[in-house]
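Here the structure comes first, spelled out in structure tokens, and everything after it is commentary.
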Amino acid sequence: MSEDLSQQVERLIRPAIRALSAYHVPDPGDCIKLDAMENPYPWPPEMVGAWLERLRHVSLNRYPDPAAASLRQRLLAEMEVPAGMDLLLGNGSDELIQMLALAVAGPDRVVMAPAPTFVMYRMIAEVAGLRFAGVPLQEDFSLDTPAMLSAIEAQQPALVFLAYPNNPTGNLFAAEDIHRIIRAAPGLVVLDEAYAAFASDSFMAALADYDNLLVMRTVSKMGLAGLRLGLLAGRAEWLSEIDKTRLPYNINVLTQASAEFALDHRRVLDGQTAQIRADRAQLHDALAAMPSLTVYPSEANFILFRTAAGEADAIFAGLRERDILIKNLSQAGGMLSDCLRVTVGTPEENAAFIAAMQEILDL
Ligand SMILES: *Cc1c(COP(=O)(O)O)cnc(C)c1O
């Protein structure tokens with residue numbers, strides 16, 4: 001018996017896991033960080049002081065409230081969840097996606113989403129032993145609704161994820177197409193509204209109209225990415241079942257206290273969000289003025305753009321040399337060939353990015 005370590009790994013670890021590549025997060029070093037849709041703004045010093053004062057009273061020696069009842073009540077109001085609907089909280093919305101997948105997993109079960117979209121839907125589905133079906137978007141990144149409807153008919157997905165607005169493309173799908181998909185789906189449809197703070201529309205109010213709709217939000221893109229807090233809104237009949245896949249105490253005491261504090265200072269977060277939306281328009285126009293680029297409209301806090309054929313890697317590297325980190329999507333290939341994605345930063349960061357682009361493109 002001379003099984004070496006790599007053979008042991010191969011024998012023991014499930015093929016679905018070995019086939020995955022781990023979610024890669026590059027080390028930003030001292031770069032201007034425009035790769036991960038983070039809010040670039042710190043809190044005013046007096047607000048930091050008040051927050052630290054609040055944390056003095058948090059009992060680190062005690063387990064958290066497992067239901068995070070006080071924070072849940074607060075989020076029900078702040079997120080305009082319709083009356084009669086419930087909320088389930090996750091350690092980021094990534095954990096909620098995982099809970100949803102675990103709750104419906106089975107050998108013949110399918111998770112469906114348009115492609116390209118948020119990569120965690122596929123990754124989590126495969127880890128949970130579900131089959132993932134991606135339905136290509138049209139060339140302008142709108143939904144191919146006939147293709148979605150026939151894929152739903154043929155594959156009867158247990159879960160359909162629709163990111164609204166979509167990541168990495170930044171657009172809102174047509175609301176009427178989404179209504180048709182919700183009506184046609186035999187399973188749950190999850191509207192992932194991670195970028196709701198930057199978008200002009202939401203399906204939160206539509207929860208009342210459909211039994212099979214759930215709406216997911218996160219505080220990450222509002223300026224609290226470090227807290228890890230996501231929420232899933234919908235009918236208690238679904239959420240009470242999905243809740244059984246949740247690890248107890250998934251929302252830690254520091255997150256519970258800090259999120260409530262941040263919601264007490266919602267005006268500060270909303271001010272930052274409004275600034276980012278205004279700067280998004282300027283950044284869009286500055287990129288659109290560069291003749292070799294195609295710039296896509298955005299309802300999120302990032303902008304997707306397409307470079308001249310074969311140029312994306314060199315532009316990404318040129319930015320990196322100038323200490324600016326964005327996201328290179330070109331390697332994903334297909335519809336994202338030659339595409340780069342930049343997060344809207346502070347006006348100074350955006351100006352540095354635009355200046356670097358002009359230099360790289362010889363403008
Ligand atoms: C960033 C993002 C998430 C993840 O949010 P977390 O709450 O930070 O886990 C979910 N969905 C989409 C579409 C995202 O872009």
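The values are calculated or read from the model by the stated rules, or taken from the named source; none is laboratory data. Fair warning: this is a prediction, and the values are worked out from it, not measured in the lab. Cβ atoms come from the backbone with ideal geometry, glycine included; neighbour counts cover every protein chain shown. Keep in mind that these areas ignore ligands, DNA and RNA; they rest on the heavy atoms of the full protein, side chains included. Shrake-Rupley method; radii C 1.70, N 1.55, O 1.52, S 1.80 Å.
Rank by packing, highest mean first: peptides 102-114, 13-25, with packing defined as the count of other Cβ atoms within 10 Å averaged across residues. List each step's numbers first, then the result.
Values: 102-114: 18.8, 13-25: 9.1.
For the peptides 102-114, 13-25, the packing ranking is 102-114, 13-25.
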Report the accessible area of Lys244, computed with a 1.4 Å probe over the heavy atoms of all protein chains in place, in Å² rounded to the nearest 10.
150
Using the basic label-point model (7 angstrom from Cα toward the beta carbon), what is the Arg131 to Asp30 distance in nanometres?
5.2
Report the label-to-label distance for Asp362 and Arg267 in nanometres (one decimal), using points 7 Å from each Cα along the Cα→Cβ vector.
5.3
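Once you order the gyration tensor axes a ≥ b ≥ c over the Cα atoms, which shape class does region 105-186 get: rounded for a/c under 1.5, otherwise prolate or oblate by comparing a/b with b/c?
On the way: a/c = 2.08, a/b = 1.31, b/c = 1.59.
The shape class here is oblate.
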Only helices counted: for the chain, with every DSSP H run of 4 or more residues adding -39500 (n - 2.57) and the sum spread over all residues, [θ] at 222 nm is -11500 deg cm²/dmol
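May I ask you to rank Ser337, Ser6 by accessible area, largest first, using a 1.4 Å probe over the protein chains only?
Numbers: Ser337 40, Ser6 75 Å².
The residues order as Ser6, Ser337, largest area first.
On the accessible surface of the chain, probed at 1.4 Å, how many percent belong to carbon and sulfur atoms? Kindly include the intermediate steps, with their values, before the conclusion.
Working: 8940 of 17010 Å².
It is 53 percent, rounded to a whole number.
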So how do Val160, Val9, Val253 rank on accessible area, 1.4 Å probe, biggest first, that is with the largest at the start?
Val9, Val253, Val160
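What accessible area per residue, rounded to a whole number of Å², is obtained for region 16-167 using a probe radius of 1.4 Å? Before the final figure, lay out the partial values.
Working: 7660 Å² over 152 residues.
With all protein chains present, region 16-167 gives 50 Å² per residue.
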Distance in nm between pseudo-label sites at Met47 and Glu321 (7 Å out along the Cβ direction from Cα):
3.9
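How much length is gained if the chain between Ala236 and Ala278 is pulled fully straight, taking 0.36 nm per residue apart and subtracting their Cα-Cα distance, in nm to one decimal? Before the final figure, lay out each step's value.
Values: separation 42, 0.36 × 42 = 15.12 nm, distance 3.75 nm.
Answer, rounded to one decimal: 11.4 nm.
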Rank Phe132, Phe353 by accessible area, highest first, at a 1.4 Å probe radius?
Phe132, Phe353
